[in-house]
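Since the structure comes first, as structure tokens, the remarks are kept for the end.
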Amino acid sequence: MLIINCDEMKAMDSYAINNIGIPGIVLMENAAHRVLTNIDLDNTNSFTIVCGVGNNGGDGLAIARNLSLKYKEVNLFIIGDLNKGTQNFNTNLNILNNLGVKFTHIATDEDLTQLKDSLNNSDLTIDAIFGIGITREVGGLFHKTIDTINKYSTQTLAVDIPSGLDGNTGNVLGISIKAYKTITFHHMKKGLLKNKDCTGEIVVEDIGIPDKATKVIIENNNSQDKQST
Ligand SMILES: NC(=O)C1=CN([C@@H]2O[C@H](COP(=O)(O)OP(=O)(O)OC[C@H]3O[C@@H](n4cnc5c(N)ncnc54)[C@H](O)[C@@H]3O)[C@@H](O)[C@H]2O)[C@H](O)CC1
Ligand SMILES: [K+]
């Protein structure tokens, strides 16, 4: 099994997008579909989906759309500055707006009451707050949101990386989602193997990044390592 770090994942992502020409939104839709194949949709009918405003959040929005089109009960929450959404996040948010799918923006502690009610009444919670792009300790409303999910969620599935976990070290950055299952994309991330308590079962899913992207990045890194020794 190939085990990579977050920088390698980002490099493979961008090679597939910028050098091979696979649009990021295609990879994002593939990721969403791969998450859905890991959910027992015959017996899971109500969902709380919590999204950040990066591409991990974008994955969550695509998952929310696909579930909504299957007439599942979807309670969608978004946390973060909506003016700072990534391009692919905004594309999926725009589609949801056009479909009339509503969401709650977690902007104050009061919004956490609505989140708690949703968690108590959902079959499954989907964590799409942070993935490989987490950059610092989790604090403030993000900390309270993750704490609320851990306290009241029936069971939580993490998209790519449990939010709050460092994908390289497995360290908890202040607080982390405790998932029963983590669906990570393309290849295993180093940090996931070091914190089973947060990841639960780990499933690696192919999202359509060609082996060529993987090989180029690994070879580049190996040659850089040789030069630096
Ligand atoms: N290339 C693609 O389109 C695909 C991406 N995949 C998914 O994308 C994420 C990585 O997305 P990225 O935008 O790089 O970062 P994140 O969404 O993980 O998070 C960045 C987001 O969070 C904010 N942030 C970071 N740390 C903190 C913090 N401690 N507190 C508050 N906010 C924080 C940051 O400002 C950004 O807004 C990857 O994991 C995949 O899930 C697709 O799966 C494949 C295609
Ligand atoms: K996540």
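Every number in this text was worked out from the coordinates using simple rules, so none of it is lab data. In this text the structure is predicted, and so the values were computed from the model without any measurement. Reconstructed Cβ throughout: ideal geometry from the backbone, glycine too, with neighbour counts over all protein chains shown.
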Next on the checklist: Return the residues of segment 8-45 that are more than 16 Å from the chain's Cα centre (by Cα) and acidic (Asp, Glu); say none if nothing qualifies.
Outcome noted: 8, 40, 42
Next on the checklist: Please go through segment 207-219 and give me each residue that is under 13 Å from residue 16 (Cα atoms) and in contact (Cβ under 8 Å) with a residue 60 or more places away in the chain, ordered by number.
Outcome noted: 207, 208, 209, 210, 212, 213, 214, 216, 217
Checklist outcome for this item: Residues in segment 1-17 that are within 16 Å of ligand 2 (Cβ to nearest atom) and either under 16 Å from residue 168 (Cα atoms) or in contact with a Lys or Arg (Cβ under 6 Å, 6 or more places away or on another chain) (or both) total 3
Checklist entry - Quick one: is residue 95 more than 16 Å from ligand 2 (Cβ to nearest atom) and among the hydrophobic types (A, V, I, L, M, F, W, C)? => result yes
Next on the checklist: Consider segment 60-70. How many of its residues are closer than 15 Å to residue 124 by Cβ and under 11 Å from the mean Cα position of the chain (by Cα)?
Outcome noted: 2
